[in-house]
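The structure appears below as structure tokens.
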Amino acid sequence: MSVGKRIRALRAKSGISNQEELAYLVGTARQTVSSWERDIFLPDGANLIKLSKVLNTSIAYIMGETLDPGTAERNGEKSLEGERMMAASPVYTLKAGGPSALFLSVERSEGGKTVRYDLPPELSARMLPFIEELWERIEREMESK
């Protein structure tokens, strides 16, 4: 079953009579709900969280990852409040490469927005000592536990 068909079926099962009502509950436009139900677009992360709460199911079920339409808590997913807390905390990703061509790529994700910087080799070389120092601190902390 497609994502759109699942959303449509869950809407009917929840007693939400039309797309406009679901759009109001999720905080989006009726046309957006229509595009989800017709499988033109998939809901983004923030709307998936809202849909799972409004439709009393898991994100995994909406996205077709499970056949069990049970509630989010029963399926082991975090509550909406937990998702909000995770979305508010920044996530950093650091990638480095070398030795022939040194490069650093740094990403910061927060609130559904990701910013990425690919540093040129000369700046990457200047940042490497700081990264090595950070790595050593992490290793020391992990060994002491």
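Tabulated results
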| item | result |
| --- | --- |
| Pairs, first open to solvent by 80 Å² or more (accessible area, probe 1.4 Å) in the range 25-48, second in a helix (DSSP H, G or I) and of a type in the set (Gly, Ala, Ser), C-beta under 6 Å, six or more apart | ARG30/ALA23; ARG38/GLY4; PHE41/SER35 |
| Hits in the range 13-53 - residues which are under 18 Å from the mean Cα position of the chain (by Cα) and over 24 Å from GLU110 (Cα atoms) | TRP36 |
| Residue within the range 54-74 that is modelled with pLDDT of 85 or more and open to solvent by 70 Å² or more (accessible area, probe 1.4 Å) present | yes |
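The values are calculated or read from the model by the stated rules, or taken from the named source; none is laboratory data. None of the values given here were measured: they were computed from a predicted structure. Glycine also receives a Cβ, built like all others from the backbone with ideal geometry; neighbour counts cover every protein chain displayed. Side chains included, ligands, DNA and RNA excluded: accessible areas come from the protein's heavy atoms. Shrake-Rupley method; radii C 1.70, N 1.55, O 1.52, S 1.80 Å.
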